[in-house]
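The values are calculated or read from the model by the stated rules, or taken from the named source; none is laboratory data. These figures come from a predicted structure and were not determined experimentally. Heads up, the Cβs are rebuilt from the backbone with ideal geometry, glycines too, and the neighbour counts pull from every protein chain shown.
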Amino acid sequence: MAAVADRAIAGQGTPEAQWLPWLAHQPMMEIDAAQLVPPGCRAVVVAPHPDDEVLAVGGLLAQLRALQRPMLIAAVTDGTASHPASIAWPPHRLAIERPLESRRAWQTLGLDVDRMTEVRRLGFDDGGLMRQRGPLARQIAALLRPRDVVFTTWRHDGHPDHEATGQACAAAAACVGVRLIEVPVWAWHWAAPGDARMPWQRAMRLALDAGAARAKREAVNAFASQLEHDPSTGAGPILRDTTVQRAQRPFEVFFS
Ligand SMILES: [Zn+2]
């Protein structure tokens, strides 16, 4: 997988056995879903690839659903570049399957798609978002309303598409004048406890109730294309065991 500068996404990444004891003692502002998205506001989740919305904010989405908050999920790409040179998962199959996997995951989270939850597929090229940040920022800005709260991948997350989406959302949110919350996804993989590259002073922790934590855990199972070995290339799963275990945390961490 591509990497940005010193934030390489390789191997299994930092395991939860290292993160969890450290996070348990790391001072962080505690915040709840109603504070993050106050009454009268809409949550806009901008996902570079189908699965990022669940890995980043799946628990929050389940809680916002319980609060009856309106939501918009913007899928920036269809995730067609996840299996280079694969016969089992060619781009045209991924373009069909990955958005369907997201739909199944949202159902597991209890989202009421097409009524309380609007969905937009933006159709950008998977793997090419760094070159398309300007058009992406303009498309996102056009979706935003004054009382939105935007959630997206952290602009230094390590995956080029995640960083490009974080940067585009920052530009769009500033243009419209709405709040932006960035979420580390791959950063948990390349960083280590106490890593000075992560902005811990801006970190907030959302505790997940048992129902939201279970829904997120089960929602991740919808991403079959990302969880299986590829027999045609010999490549291992895109979402490693460490990634799946991270999605089982009873909390989510955001950067304000
Ligand atoms: Zn992604």
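Quick notes on this one:
- Restricting region 185-217 to residues that are among the charged types (D, E, K, R) and in contact (Cβ under 8 Å) with a residue 24 or more places away in the chain leaves a set whose member that is surrounded by the most Cβ atoms within 10 Å (Cβ to Cβ) is K216.
- Selection of region 88-111 for residues being β-branched (V, I, T) and either touching a Leu at 6+ places or on another chain (Cβ under 8 Å) or free of Cβ contacts under 8 Å to residues at least 24 places away in the same chain (or both) yields only I96.
- Meets criteria (under 16 Å from the mean Cα position of the chain (by Cα) and among the acidic types (D, E)) for E53: yes
- Filter result for P27 (free of Cβ contacts under 8 Å to residues at least 60 places away in the same chain, farther than 29 Å from R138 by Cα, surrounded by fewer than 18 Cβ atoms within 10 Å (Cβ to Cβ) and not charged (D, E, K, R)): yes
- Of the candidates L23, L72, L67, the single residue that is at pLDDT 95 or above and either under 20 Å from A170 (Cα atoms) or in contact with a strand residue (DSSP E or B) (Cβ under 7 Å, 6 or more places away or on another chain) (or both) is L72.
- Residue within region 89-108 that is under 14 Å from the mean Cα position of the chain (by Cα), within 14 Å of the ligand (Cβ to nearest atom), in a helix (DSSP H, G or I) and closer than 24 Å to A207 by Cα present: yes
- Selection count, region 113-132, where residues are closer than 18 Å to V44 by Cα, without any contact (Cβ under 8 Å) to a residue 40 or more places away in the chain and charged (D, E, K, R): 2
- Members of region 44-66 found to be over 15 Å from F151 (Cβ atoms) and surrounded by fewer than 24 Cβ atoms within 10 Å (Cβ to Cβ), listed by number: A66
- Looking across R121, R103, R147, one residue alone is in contact with a helix residue (DSSP H, G or I) (Cβ under 9 Å, 6 or more places away or on another chain), modelled with pLDDT of 95 or more and basic (K, R). It is R121.
- Filter pass, R138 being surrounded by fewer than 21 Cβ atoms within 10 Å (Cβ to Cβ), modelled with pLDDT of 95 or more and either under 27 Å from Q245 (Cβ atoms) or of a type in the set (S, T, N, Q) (or both): no
- Some residue of region 172-184 being buried (at least 19 other Cβ atoms within 10 Å of the Cβ) and not aliphatic (A, V, I, L, M): yes
- Contact map, region 143-154: residues that are in contact (Cβ under 8 Å) with a residue 12 or more places away in the chain and within 16 Å of the ligand (Cβ to nearest atom) paired with residues that are in a strand (DSSP E or B) and not hydrophobic (A, V, I, L, M, F, W, C), Cβ distance under 6 Å, separation 6+ or inter-chain. Pairs shown: W154/E182.
- Residues that are of a type in the set (S, T, N, Q) and touching a Leu at 6+ places or on another chain (Cβ under 9 Å) within region 177-227 comprise N221, S225, Q226, listed in sequence order.
- Of all residues in region 155-194 being of a type in the set (G, A, S) and over 27 Å from E16 (Cα atoms), the one that is farthest from the ligand (Cβ to nearest atom): G177
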